Amino acid sequence: MALSLAACGNKADSDKGEAAKASEGAQDAGSEGAEDGGSSAVGEGKIGLMVGTVAISEEEYRSAEAWQKQLGEDKVVIQTYPDNFMSEEETTISNMLSLVSDPDIKVVIFVQGVPGASAAIAKAKEVRSDILYINGGPNEDPDVACEAADICIDYDNYSAGAQMAERAKEMGTETMVYYSFPRHQGYEKVAYSGNQCEERCKELGIEFVRVTIPDPQSDAGTAGTQQFIIEDVPKELAAYGSNTAFFDTNTMSTPAVIKALYDAGEGIYMNPSQSSPFCGYAEALGLSVPEDKTNDYEWMIGALQEKLKETDDNGRFSTRMIPTVVMEMNTAVEYALAYLNGETDGKVDMAAFKDALIRASGTDEGNISFNTYDVNGVKYDNFALVLGPWAML
């Protein structure tokens, strides 16, 4: 079975309320900025957005489109990296060099920072060192990513692993099946998060089971990965029972995991790897998202809750309320606007970057998590790690 991909008074009621509050705030913050001449007023220069195509990550591309529409095509330029980025690094570099060949480009934001992003940024710096480079969601080791980019921003995998185990416990999990493959486990942040999740699961009395799935960038392709998932989920449920939770480290497998659990009528899914109500859920549940709702998180969470209510599946699925990729993109653009308007202390101003995250999330400081990278005694002062609050579906 192949799935089409776009990318990627109770607890449920409480999460829904928080999701609505944050979503409304995010939308209000964006519209007010454009109207009142605040952070959405663009200073001198253009912003270049390097993103995946709709085929590989629709959220990235749609977020870029939304900013281009809001700020204007004369202020925001969109470039894409190749779908087969693992084997086409030279194309990634070439596309980046094409982007920075425009002398008016003053900021480049690469979301998500696939393997090859740092090489592309390094090459671009050889000809345009004046540009501010931001890497969102780097899929390379921190020393590589932070050396190339001026600022990195990523989902806080270093706290998320333990939080995911705790979320699983809240949802009644007895066993967690962790789907991944060697390439992803070669990424330091992915491996760290998985190990942390395993450790916390053991502390909480949850059995942790690792299962290797086909890499969608291998000869098996996305179809092979999804087929494996569709066949394996029922086997795991049969082996470990209905209170088995699943997590997969790759967005290409996400719709298949959700679909298999939905069809089975049992099992738990805490969170997509690119945490978002848009990541995998619409495809898996056969939910049509209107064009004017593709960036409306409140609507999407509500629509998913209503869909799951039809089959009495509320409470088996959840996500972070603010999509990870969108939060990274919006924070980076908000910071870019502040930079272009002369409101930052040079290229790297992490206090201003935190303020940009608060504006981008449309909530207050108490609802977001912001840390600079400090893991196992290794620190990077130009690397922001962020998390948003949960939403139960």
If you go through Tyr178, Tyr158, Tyr240, the only one that is modelled with pLDDT under 95, aromatic (Phe, Trp, Tyr) and under 22 Å from Ser318 (Cα atoms) is Tyr158
Counted residues in region 75-87 being modelled with pLDDT under 95 and open to solvent by 20 Å² or more (accessible area, probe 1.4 Å) come to 5
Worksheet item: Does at least one position in region 339-356 carry a residue that is part of a helix (DSSP H, G or I), within 30 Å of Tyr281 (Cβ to Cβ) and of a type outside the set (Lys, Arg)?
Response: yes
Here the residues within region 272-315 that are among the hydroxyl-bearing types (Ser, Thr, Tyr), at pLDDT 90 or above and not in a loop (DSSP other than H, G, I, E, B) are Tyr281
Requested in this report: Can you confirm whether region 148-157 contains a residue that is more than 18 Å from the chain's Cα centre (by Cα), more than 17 Å from Phe208 (Cβ to Cβ) and among the small types (Gly, Ala, Ser)?
Outcome: yes
When region 35-63 is checked residue by residue, the ones that are modelled with pLDDT of 95 or more and either under 24 Å from Val289 (Cα atoms) or open to solvent by 50 Å² or more (accessible area, probe 1.4 Å) (or both) are Val51
| said: Quick check on region 360-367. Is at least one of its residues open to solvent by 10 Å² or more (accessible area, probe 1.4 Å), in a strand (DSSP E or B) and modelled with pLDDT under 90? | reply: no
Scanning region 319-359 residue by residue, those buried (at least 24 other Cβ atoms within 10 Å of the Cβ) and of a type in the set (Gly, Ala, Ser) turn out to be Ala332, Ala336, Ala356
Among the residues of region 88-104, the number that are more than 26 Å from Thr251 (Cα to Cα) and either of a type outside the set (A, V, I, L, M) or open to solvent by 80 Å² or more (accessible area, probe 1.4 Å) (or both) is 5
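The values are calculated or read from the model by the stated rules, or taken from the named source; none is laboratory data. As the structure is a prediction and not an experimental result, all values here were calculated from the model. In this analysis, Cβ positions are derived from the backbone assuming ideal geometry, glycine residues included, and neighbour counts consider all displayed protein chains. What goes into the accessible areas is simple: the full protein's heavy atoms, side chains included, and nothing from ligands, DNA or RNA. Shrake-Rupley method; radii C 1.70, N 1.55, O 1.52, S 1.80 Å.
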